[in-house]
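The values are calculated or read from the model by the stated rules, or taken from the named source; none is laboratory data. Small disclaimer: the values here were computed from a predicted structure and weren't measured. FYI the Cβ positions are ideal-geometry reconstructions off the backbone, even for glycines, and counts take in every protein chain you see. Ligands, DNA and RNA are stripped out before the accessible areas are found, and what is left, the full protein with its side chains, is counted by its heavy atoms. Shrake-Rupley method; radii C 1.70, N 1.55, O 1.52, S 1.80 Å.
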Amino acid sequence: MDSESIGAEPGTKTPGTRYSHAYEGLRSLLLSGSIAPDTRLTEADLTRMFDVSRSTMRTALARLTQEGYVTGEVNRGVRTRSFSVEEAADILEAREILEAALAGKAAERATAQEVEELRTTLQEMEEAQSRGDQDAYSRGNRSFHQQIKQASHQTTLARAYDTLLYPLVMRQYRNLSAQHPRTGSFEEHQTIFLAIVTRNPDAANAAMRHHVGSARRALLLDKTPHPPGS
């Protein structure tokens with residue numbers, strides 16, 4: 001039995017699970033793009049939101065600060081990260097390189113089941129696009145990329161990829177007036193999938209690099225970013 005669970009009442013959160021609840025919950029919220037860049041977050045609000053103690057929330061915030069999701073302010077809580085154009089460009093360039101490498105490995109190592117899961121996700125994306133369901137398409141898009149990462153069976157690359165804060169960059173710099181999904185996006189996913197199915201790592205690498213690069217070029221990196229909350 002886990003030492004943290006000894007003596008715990010059934011259904012109650014142990015210290016470890018309370019910390020995980022706060023850390024994972026806030027991290028997921030930040031990555032979802034639900035909170036605008038440079039938004040002030042207070043310990044009091046967060047402890048109420050996640051129903052944890054201030055000390056637990058403080059520990060979770062310390063880790064998130066260290067990992068770059070938020071920035072600390074002495075005696076004033078924390079703020080969600082915002083990125084300069086240069087920082088954003090560096091992060092997205094790293095994403096292109098790492099995700100292209102992961103796609104190449106997926107073409108070499110994906111199991112038959114993983115290929116079928118990718119096929120199913122692609123079909124769901126196509127259906128979402130045909131009925132104009134942007135939220136469903138976005139969920140499918142995120143699943144597709146995560147499935148490729150898992151199918152790469154390359155833990156070192158995947159770990160490096162997971163440290164990138166590109167979802168926060170995308171949230172800050174995305175063009176809210178642009179068409180979504182971007183024209184050609186689904187066809188790019190199809191090309192990546194075809195390269196994986198045919199076990200062509202060079203083609204998968206190139207197709208993913210083109211896809212992620214196209215998404216980067218569609219952002220507002222060459223313009224002044226939207227003010228927080230706009």
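Around the Cα centre of region 42-171, unit charges on the Cβ atoms of Lys, Arg, Asp and Glu (plus for the first two, minus for the last two) sum to a dipole of about 520 debye. Rounded to the nearest whole angstrom, the semi-axes of the ellipsoid equivalent to region 76-122, taken from the Cα gyration tensor as √(5λ), stand at 33, 16, 9, largest first. Computed with a 1.4 Å probe on the full set of protein chains, the accessible area for H180 sits at about 80 Å².
Taking all protein chains together and rolling a 1.4 Å probe, D202 ends up with roughly 120 Å² accessible. Does anyone have the angle between helix 85-109 and the longest principal axis of the chain? Alpha-carbon axes, 0 to 90°, nearest 10? That works out to roughly 60 degrees. In a simple Cβ point-charge model (Lys, Arg +1; Asp, Glu -1; nothing else charged), the chain has a dipole of about 480 debye relative to its Cα centre. In this structure the chain gives 55 Å² per residue of accessible area when probed at 1.4 Å with all protein chains present. In region 5-137 the Cα-Cα distances spread across 5 Å bins starting at 0 as 2, 8, 12, 13, 13, 13, 15, 13, 8, 3, 0 percent of all pairs.
For the chain, the carbon plus sulfur part of the accessible surface works out to 49%, probe radius 1.4 Å.
GNM remark for the chain: springs join alpha carbons under 10 Å apart, and the peak mean-square fluctuation among V52, V212, V78 falls on V52. I need the Debye-formula profile for region 81-209: one equal scatterer per C-alpha, no solvent, reported as log10 I(q)/I(0) at q = 0.15 1/Å, two decimals. Those come out to -0.73, one per q. At q = 0.12 Å⁻¹ the log10 of I(q)/I(0) for region 62-144 amounts to -0.63, computed by Debye summation with a single uniform scatterer per C-alpha, solvent ignored. Determine the shape class of region 167-209: with a ≥ b ≥ c the square roots of the Cα gyration tensor eigenvalues, call it rounded for a/c under 1.5, and otherwise prolate if a/b is greater than b/c, oblate otherwise. Judged from the Cα gyration tensor, region 167-209 comes out prolate (a/c at least 1.5, a/b above b/c). Of the listed residues M49, M57, the order by accessible area with a 1.4 Å probe, largest first, is M49, M57.
Between the residues V70, T156, Y166, the greatest Cα displacement towards the positive end of the dipole of the chain, with unit charges on the Cβ of Lys, Arg, Asp and Glu, is found for V70. For the chain, the normalised intensity computed at q = 0.12 Å⁻¹ comes to -0.78 (log10 of I(q)/I(0), Debye sum over alpha carbons, equal scatterers, no solvent).
Residue ranking by accessible heavy-atom surface, 1.4 Å probe, largest first, among S152, S82 comes out as S82, S152. Running a GNM on the chain with Cα contacts under 10 Å, which residue among A101, A128, A110 ends up with the highest mean-square fluctuation? Taking springs between Cα atoms under 10 Å, the residue moving most is A128. Against the longest alpha carbon principal axis of the chain, how many degrees, from 0 to 90 and to the nearest 10, is the axis of helix 112-130 turned? The answer is roughly 90 degrees.
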